[in-house]
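Asks: I'd like to ask some things about the structure below.
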């Protein structure tokens with residue numbers, strides 16, 4: 001018989017890992033740029049982080065992109081490739 005609980009557990013762990021990764025991104029941005037970014041405005045897909053914020057905030061993040069990516073690679077073992 002098919003156990004649905006085991007099947008649904010896979011989706012729960014995927015969801016939790018995205019939440020943890022969003023938290024790491026928000027922390028790295030705060031550490032590098034001293035900017036608080038709402039975790040709901042961070043979208044991660046295929047290792048690419050998209051931030052839905054005002055242009056001035058995105059520009060500041062882009063200027064310090066290398067430092068943010070270095071911080072993220074130390075914390076996440078290279079799960080994040082780029083920030084847009």
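The values are calculated or read from the model by the stated rules, or taken from the named source; none is laboratory data. For clarity, every value in this text was computed on a predicted model and none was experimentally measured. Methodologically, a virtual Cβ is constructed for each residue, glycine included, from the backbone with ideal geometry; neighbour enumeration extends over all protein chains shown.
Asks: Among the numbered conditions (1) loosely packed, with under 12 Cβ neighbours inside 10 Å; (2) at pLDDT 90 or above; (3) not in a helix (DSSP H, G or I), tell me where residue 43 comes up short.
Replies: If we test residue 43 against (1) loosely packed, with under 12 Cβ neighbours inside 10 Å; (2) at pLDDT 90 or above; (3) not in a helix (DSSP H, G or I), just (1) comes out false.
Asks: Continuing with this model, one more query. Under the condition of being in contact (Cβ under 8 Å) with a residue 24 or more places away in the chain and surrounded by fewer than 16 Cβ atoms within 10 Å (Cβ to Cβ), which residue from segment 47-59 is nearest to residue 30 (Cα to Cα)?
Replies: 50
Asks: Output the residues belonging to segment 63-84 that are outside any helix (DSSP H, G or I), closer than 15 Å to residue 47 by Cβ and touching a helix residue (DSSP H, G or I) at 6+ places or on another chain (Cβ under 7 Å).
Replies: Within segment 63-84, 79, 80, 83 qualify.
Asks: If the requirement is being in contact with a helix residue (DSSP H, G or I) (Cβ under 8 Å, 6 or more places away or on another chain) and either in a strand (DSSP E or B) or farther than 23 Å from residue 17 by Cβ (or both), which of these qualifies: 60, 31?
Replies: After applying the criteria, what remains is 60.
Asks: Next question. Limited to segment 66-80, what total is found for residues that are surrounded by fewer than 16 Cβ atoms within 10 Å (Cβ to Cβ) and at pLDDT 90 or above?
Replies: The total comes to 3.
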